[in-house]
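Below you'll find the structure, written out as structure tokens, and then a few comments.
Bear in mind that the values in this text are calculations on the coordinates, not laboratory data. Bear in mind the structure is a predicted one, so any value in this text is a computation, not a measurement. Because the Cβ atoms are built from the backbone with ideal geometry, glycine has one as well, and the counts that use them run over all protein chains shown.
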Amino acid sequence: MDRASAHVTSPHRLGRFALAGLTALALAAAATPASAAPAATLNTAPNVAPHADAPVPPPAQPGKFVQTELTRILDTRHAIGVPGTTPVPGGAAIKVATQLPADAKAVVMNVTVTGTTAAGYLTVYPDGIARPTTSNLNFVAGQTVPNLVTVPVTNGYVDFYNFGGSADVIADLAGYYSDSSATPGSSYVPVAPSRVLDTRGPVGTGTKAPIGAGSTLNLKVAGTSAVPAKGATAVVLNVTATKATAASYLTVYPHGTTQPATSNLNFVADQTVPNLVTVPLGEDGSVDIYNLSGSVDAVADVFGYYQSAPTGAGFTPVSPKRVLDTRSGLGWQTTQPIGPDSHIWLTVPGRNGVPLTGTTAVVLNVTATDATADSYLTVSPSNAPRPTTSNLNFRARTTTSNLVIVPVGNNGSIDIYNRFGTVNVVADVFGYFKMPLNGPSDLNYGVRYEGAPSCAPAVLGLAQPKYVTATDRVFDLHSRVAAVPGSTGPIWGQFVLTGPEGTENHRSDQVAGDPAFQQTRLTNLTPGAVYTWYTYSTDGTHASEPSLPCTFKVGTFGVPDDPRVATDAKEIHQGDTVKLTITGTTASTAPGDQVDSFVYCGPSGCGTVKAVNGSATVSVVATDKYDLAVRATAKTVVGQLGLASNYGWGITPSS
């Protein structure tokens with residue numbers, strides 16, 4: 001089923017538009033089976049929320065993605081991008097103009113092969129270099145295979161090489177990467193992989209039903225699985241089609257827009273096909289998934305998102321290079337396949353042009369071959385819990401490839417896990433993502449009680465939003481000041497906050513007279529809402545790099561209610577041991593928020609008792625004059641102690 005034959009925008013209508021964060025880093029490829037800043041003078045101008053003037057933005061992150069209108073730049077069937085309508089012969093290469101601006105460093109295309117006459121593979125690579133020993137699509141005779149490809153551009157050209165028989169080749173331009181500061185674009189935030197859709201489940205839809213013929217499924221992504229409800233403009237999904245009843249295709253596109261005349265996955269009946277998809281979000285934060293024929297179950301796992309904020313990672317392409325081949329021992333210590341329920345670790349940073357430090361995620365084309373059983377591969381950060389997601393589903397005695405964007409573990413490696421049977425695995429690297437490194441550091445947020453959590457950069461993008469409380473809806477953000485290149489005047493901090501109210505800019509005030517730190521105070525935060533913020537230092541003309549982003553969720557409780565004390569004793573006499581039941585509640589509606597403990601005090605001193613489901617039992621001895629005072633302390637869902645209530649309730653013996 002070749003959706004590639006549908007009409008799309010002509011090459012002459014190529015138009016760039018800066019849909020920031022809208023990254024079609026839809027990189028699907030297939031491997032062939034053969035610092036602390038110095039102290040600065042801090043401006044003590046009063047905080048403005050939001051800033052009354054347009055603040056100086058931080059420098060743009062290199063490696064921004066620039067979305068383009070869907071444009072067909074190659075179709076050998078219709079003489080688009082080539083002079084004739086002849087398929088690409090086996091063993092031949094063609095040179096194709098990308099029609100991109102001079103600042104384009106890498107191109108993102110959806111590449112499709114169709115009309116294949118024999119088993120083979122397609123390699124897409126920069127023009128002017130020796131053809132690498134990698135591939136982007138693997139296919140057999142008569143098969144139509146689409147895959148997303150990201151490849152460096154040389155003087156505006158890329159080359160397509162076909163191995164094995166003849167094949168028609170189609171390429172649809174989806175966007176490009178640029179380092180130009182004059183070109184607006186988006187940055188990438190990786191997240192821990194998680195499942196957001198499974199029509200067999202049901203997950204993501206509330207119903208357990210496949211997508212019918214000519215039907216469209218709507219999937220809400222923003223606000224789920226670490227993708228923020230506000231600020232995300234595109235998401236990276238690994239979409240899998242399974243249990244298809246007929247040959248068909250799936251098209252994934254932003255909700256509320258016209259369905260494009262392209263496809264993301266092509267499949268036949270009873271086939272399971274995965275493909276990496278980068279898709280813009282609709283205005284409501286959702287995407288649509290369209291199925292042409294028959295019925296099919298769809299599974300989608302989220303791996304990251306794009307944002308207009310400069311705090312995400314920038315992409316750097318590298319010349320395609322093989323970094324793993326279990327058949328030859330490349331990248332691994334043996335020549336054995338990966339066994340059932342087994343995994344290997346692969347170190348990519350420090351090799352093949354990928355920096356040893358600062359690399360946030362890598363882009364790999366992973367191929368499973370020589371499989372002895374139907375199975376799947378999961379590619380994830382090492383030294384982290386393995387997610388319940390998959391990257392490649394394959395059958396015995398087949399070769400299956402898919403593009404993978406995977407965060408790097410804290411030991412610099414990634415984990416490749418196989419579920420059933422044995423399988424050889426091949427991986428080719430196409431680029432890497434790197435976060436800004438010189439922005440403000442030591443980000444933190446403080447509240448009026450001790451034990452406020454810090455915003456740990458090491459887990460940003462990989463952990464769920466932190467849960468914090470904002471007593472009286474007042475909240476402080478603070479960080480260390482960063483160096484501002486070129487600045488000679490006073491420096492202050494600019495805090496950029498995105499939440500349900502939109503995006504606001506807040507200017508810093510003095511931090512306890514310390515010129516090395518900057519802070520701002522927030523008020524009227526929405527209880528239960530999730531906020532994301534970052535900061536940078538500026539003198540109004542120059543600016544530092546941005547900090548890493550920080551995400552928090554606002555709690556809904558402040559001070560617990562005054563506790564209640566009850567006893568079964570009808571009279572209390574001096575010297576009696578009295579059993580008291582203490583209960584307490586909070587005004588919170590957030591799951592997990594409850595009273596943590598009670599403090600009770602009498603003439604002989606105080607004691608503390610832990611609360612269980614909001615209550616506790618204590619025994620006290622009544623003295624000549626016993627005024628018992630009790631107060632409650634609340635605890636959030638993550639165990640942070642809140643403020644205590646007032647003391648209350650007293651007892652006096654009757655004799």
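Can you list the residues of region 153-175 with backbone N under 18 Å from a point 7 Å past the Cα of H78, pointing along Cα to Cβ?
Inside the label zone: 168-174.
Which FRET efficiency value, to the nearest 0.05, is calculated for E501 and R397 with the Förster distance at 41 angstrom and r the Cβ-Cβ distance?
The pair E501/R397 has a calculated efficiency of 0.15.
Which ordering of C550, C606 is given by a fewest-first count of other beta-carbon atoms within 10 Å?
C606, C550
Which order results if V565, V481 are arranged by neighbouring Cβ count within 10 Å, fewest first?
V565, V481
Give the order of L324, L364 when sorted by the count of other beta carbons within 10 angstrom, beginning with the fewest.
Fewest to most other Cβ atoms nearby, the residues stand as L324, L364.
In debye, nearest 20: dipole of region 116-238 around its Cα centre with unit charges on the Cβ of K, R (+) and D, E (-)?
Here region 116-238 has a charge dipole of around 620 debye.
Would you mind checking K64/K321; K95/K243; K105/K434 for any pair whose Cα atoms are more than 27 angstrom apart?
In this structure, K95/K243 exceed 27 Å between Cα atoms.
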